[in-house]
1. Can residue 179 be described as under 19 Å from the mean Cα position of the chain (by Cα), at pLDDT below 95 and exposed (fewer than 14 other Cβ atoms within 10 Å of the Cβ)?
2. On the basis of being surrounded by 21 or more Cβ atoms within 10 Å (Cβ to Cβ), among the hydrophobic types (A, V, I, L, M, F, W, C) and either under 19 Å from residue 13 (Cβ atoms) or touching a helix residue (DSSP H, G or I) at 6+ places or on another chain (Cβ under 8 Å) (or both), does residue 136 make the cut?
3. Taking residue 124 as the residue in question, decide whether it is part of a helix (DSSP H, G or I) and either modelled with pLDDT of 95 or more or not assigned by TED's automatic domain parsing to the domain that holds residue 41 (or both).
4. What do you reckon, is residue 182 among the polar types (S, T, N, Q), more than 23 Å from residue 69 (Cβ to Cβ) and out of contact with any Gly (no Cβ under 7 Å at 6 or more places or on another chain)?
5. If residue 22 satisfies every condition in (1) over 25 Å from residue 236 (Cβ atoms); (2) touching a residue at least 40 places away in the same chain (Cβ under 8 Å) but one, which is the exception?
6. Restricting attention to region 92-116, report how many residues are surrounded by fewer than 16 Cβ atoms within 10 Å (Cβ to Cβ) and within 27 Å of the chain's Cα centre (by Cα).
7. If I ask for residues that are in contact (Cβ under 8 Å) with a residue 12 or more places away in the chain, out of contact with any Ser or Thr (no Cβ under 8 Å at 6 or more places or on another chain) and not in a strand (DSSP E or B), which ones from region 51-72 would you list?
Amino acid sequence: MFEDFNEVICLGMGGSYSEIAKDRLFNKYDLFMYQRSLNGIKECIEYVDENSNAITILPVETTYKGIIRETIDNLITTKNQNIQILAETVIPVNDCILSKTTEFYSISGLIANPNALAKCKKFIRDEMPRQLNVVIAESMDESARMLNNYNLTYAIIGTPKTAELYNLNILKEHIEDFKINNRRLIVIGDGETKPTGHDKTSVVLFLDDRQGALLDIVQVFVKYHINITQINSKTMNPQEQAVFIDFDGHKEDEVIKNLIRDLEPQAKGMRIIGSYASF
């Protein structure tokens, strides 16, 4: 499945969850590719849209925030209609306090990006000094690099991978507000997959904004006894909505071919955005 690719695009640097998912993927499939890191979801998808030898690994869902719309929105608008989801993995979120020192209670300053601060505000409020000096960084990678400019009483918010890359000590783990929080990431590229027997298919259907349109779609799944694992919709314009559906099965399965055949007349347009092994 991945033999035609030689480059992987990660979202962010410095131990990002995209990098952690890349490590897991490479270990699972015994892969080695040149790694490039970009700072935006749109930029990552545009890169693989223009470079068929590249894949990108992007977050698509979190336990507490739900679907990451930017990933799906950019995936369905690629110029190359063969760009699709090739694999998925789920990474437990583990935000950590990292520092050069080994003493948590000596920390007086914290360097972090706004998103990390927002995810961990309860821990920062309850466990860290009231007079904590907070320094804003643009990313986790920048936080780690900025740490060199401060004394040993400063720390950053990062992942265990960040600690590994920058030789930092993990002072506290799982400092995020939502303790049961997983991040689902998907591999996107111009490729094809084979059925494994434990697969998931993702499609987007463009429907007229009319009463009963979604019910008609769901009834097709009921007809074929196909389990829908996720369904989301987005208004594209006053007359049209896009419905994103994940369901059990692979597009090469005979029953899924029949399902898709019956779905197509119900929609103004339809795009299969991946059939891949379910995590």
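1. Details: under 19 Å from the mean Cα position of the chain (by Cα): yes; at pLDDT below 95: yes; exposed (fewer than 14 other Cβ atoms within 10 Å of the Cβ): yes.
Spelling it out, residue 179 is indeed under 19 Å from the mean Cα position of the chain (by Cα), at pLDDT below 95 and exposed (fewer than 14 other Cβ atoms within 10 Å of the Cβ).
2. Numbers: surrounded by 21 or more Cβ atoms within 10 Å (Cβ to Cβ): no; among the hydrophobic types (A, V, I, L, M, F, W, C): yes; either under 19 Å from residue 13 (Cβ atoms) or touching a helix residue (DSSP H, G or I) at 6+ places or on another chain (Cβ under 8 Å) (or both): yes.
In short, no.
3. On the way: part of a helix (DSSP H, G or I): yes; either modelled with pLDDT of 95 or more or not assigned by TED's automatic domain parsing to the domain that holds residue 41 (or both): yes.
Judged against the criteria, residue 124 is a match.
4. Numbers: among the polar types (S, T, N, Q): yes; more than 23 Å from residue 69 (Cβ to Cβ): no; out of contact with any Gly (no Cβ under 7 Å at 6 or more places or on another chain): yes.
Considered against the rule, which asks whether it is among the polar types (S, T, N, Q), more than 23 Å from residue 69 (Cβ to Cβ) and out of contact with any Gly (no Cβ under 7 Å at 6 or more places or on another chain), residue 182 comes out as no.
5. Result: residue 22 passes all but (2).
6. Going through region 92-116 one residue at a time, the tally reaches 3.
7. Within region 51-72, 51, 52, 53, 63, 64, 69, 70, 71, 72 meet the criteria.
Residue by residue, here is whether (1) over 14 Å from residue 20 (Cβ atoms); (2) assigned to a helix (DSSP H, G or I) holds:
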{"site": "142", "(1), (2)": "yes, yes"}
{"site": "152", "(1), (2)": "yes, no"}
{"site": "155", "(1), (2)": "yes, no"}
{"site": "164", "(1), (2)": "no, yes"}
{"site": "180", "(1), (2)": "yes, no"}
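The values are calculated or read from the model by the stated rules, or taken from the named source; none is laboratory data. For clarity, every value in this text was computed on a predicted model and none was experimentally measured. Ideal geometry is used to build each Cβ from the backbone, glycine not excepted, and the neighbour counts take in all protein chains shown.
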